[in-house]
Amino acid sequence: MDSIRRCGNGEGMKDIVLRKFAEVFGDAGGTEVYFAPGRVNLIGEHTDYNGGHVFPCALTIGTYGAARKRTDDKLRFYSMNFDHLGIIESSLDDLTASQEAGWTNYPKGVIWAFGEKGMKAPCGMDLLLSGNIPNGSGLSSSASVEVLTGFILRDFFGFDVTNQDLALIGQYAENNFNKVNCGIMDQFAIAMGKENHAIFLDTADLSYEYAPIALKGAKIVIACSNKKRGLGDSKYNERRSECETALQELRQAADIRSLGELDEETFEKYKGSISDEVRKRRAKHAVYENQRTIRAVAALKANDIRRFGELMNESHISLRDDYEVTGIELDTLVEEAWKIDGVIGSRMTGAGFGGCTVSIVKDEAIDTFIAQVGKAYQDKIGYAADFYVVEIGGGPKKIS
Ligand code: GLA
């Protein structure tokens, strides 16, 4: 079945990007190669901009980049994922976002953000990328490019920043250059990734803990709906402002700084101060999802993977009914997954409105899962989903 992909570790990618770099930019002398992962969130959705917890992990798939400093101010970008666009040029004194700049708004945004923070790049660069994260899938290909760019800038120019700073600068670029009001989860998961571990991050203060994910006899399977989406044209910013308004209303009754400070009981006590029913459901999701995430990590630590799976399922229901960010594509993938013996848990992951689901599936059920969910999806939606059996990888690195 050609819609099954078992993701490799990118072996040979270094040679591929170097060869292409030489072809596109003339030669590859003095070029360095880097990698930054994509991410999947296991639980804790739409909590990161509400001062709640998230539980994402970095993947072994991600973005490879070949880069070389220039002697002038030019920036030349090329992506093997968008070959038809050719070389896209810019320069250090024209760091503005534009529609024509397409995907290059992500690396440009990060170069701009470094400058805003007093770390101006002293010269331009040629950068060639090749990613094996499906574009627009919700596995954070854009955050991967942002963290990769920051990592390259640090390596080239010796800027004094930690990996956590790379995450914050990436988010700053996304918010202020690309005008998507995202939280910190994606960039953090990517910059701080650790092999075989998920990151239990409290977005209220950025304290975090690595939790080992040892799924004995099961794997993480990602189903990509192939419904394209971009955060900018989605209702992401709208959800965010609904939560902000609900918080302001709650603050008239309770002394809180974020929805993440409430547990279910306190929310139920004060929810009457939210004047609109829709907003009440949005806030309920943010509060309950945060508590679910805390419980899910506790279940995992207690080796109760069954409970972890149930909480994943509850997360989906809440995102479907209260937060309303799923849609027929994601609901079909998840509801079909729930029918299969050997599926421990399944839910949408990322922003929603298209993108992917994440499921924990017992080894012996993976083939059935892919065949059955794949067929039901094709029958109902009219086009195919893609399936990826993924592994949890580390953070960004230079490939020497
Ligand atoms: C996107 C954003 C994240 C987070 C998720 C939803 O991936 O970039 O900050 O809000 O959606 O959990």
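Summary table below
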{"item": "Close pairs (7 angstrom Cβ cut-off, 6 or more residues apart or separate chains): in a loop (DSSP other than H, G, I, E, B) in segment 164-180, among the acidic types (Asp, Glu) and modelled with pLDDT under 95 anywhere", "result": "none"}
{"item": "Residues that are closer than 22 Å to Gly345 by Cα and either away from the ligand (no atom under 16 Å from the Cβ) or outside any helix (DSSP H, G or I) (or both), drawn from segment 17-51", "result": "Gly38, Arg39, Val40, Asn41, Leu42, Ile43, Gly44, Glu45, His46, Thr47"}
{"item": "Test: residue in segment 190-199 that is crowded, with 24+ Cβ neighbours inside 10 Å and in a helix (DSSP H, G or I)", "result": "yes"}
{"item": "Condition met for Asp205 (part of a loop (DSSP other than H, G, I, E, B), at pLDDT 95 or above, away from the ligand (no atom under 13 Å from the Cβ) and surrounded by fewer than 23 Cβ atoms within 10 Å (Cβ to Cβ))", "result": "yes"}
{"item": "Filter result for the condition that a residue is of a type in the set (D, E, K, R), buried (at least 20 other Cβ atoms within 10 Å of the Cβ) and away from the ligand (no atom under 16 Å from the Cβ), over Lys14, Lys69, Lys108", "result": "Lys108"}
{"item": "Residue within segment 208-220 that is under 16 Å from the mean Cα position of the chain (by Cα), under 28 Å from Lys14 (Cα atoms) and more than 13 Å from the ligand (Cβ to nearest atom) present", "result": "yes"}
{"item": "Any hit, segment 341-354, residues being in contact with a Cys (Cβ under 6 Å, 6 or more places away or on another chain), among the charged types (D, E, K, R) and either buried (at least 17 other Cβ atoms within 10 Å of the Cβ) or outside any helix (DSSP H, G or I) (or both)", "result": "no"}
{"item": "Some residue of segment 224-238 being more than 13 Å from the ligand (Cβ to nearest atom) and among the hydrophobic types (A, V, I, L, M, F, W, C)", "result": "yes"}
{"item": "Evaluation of Arg76 against (1) surrounded by fewer than 20 Cβ atoms within 10 Å (Cβ to Cβ); (2) closer than 21 Å to Asp160 by Cβ (one fails), failing number", "result": "(2)"}
{"item": "Boolean, Thr332 is of a type in the set (S, T, N, Q), under 28 Å from Arg240 (Cα atoms) and in a loop (DSSP other than H, G, I, E, B)", "result": "no"}
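Yes/no matrix, rows are residues, columns are (1) farther than 23 Å from Asp205 by Cβ; (2) within 25 Å of the chain's Cα centre (by Cα); (3) within 16 Å of the ligand (Cβ to nearest atom); (4) surrounded by 15 or more Cβ atoms within 10 Å (Cβ to Cβ):
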site	(1), (2), (3), (4)
Arg240	no, yes, yes, yes
Gln252	yes, no, no, no
Lys280	yes, no, no, yes
Val287	no, yes, yes, yes
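The values are calculated or read from the model by the stated rules, or taken from the named source; none is laboratory data. Bear in mind the structure is a predicted one, so any value in this text is a computation, not a measurement. Cβ coordinates were reconstructed from backbone atoms using ideal geometry, including for glycine residues, and neighbour counts include every protein chain displayed.
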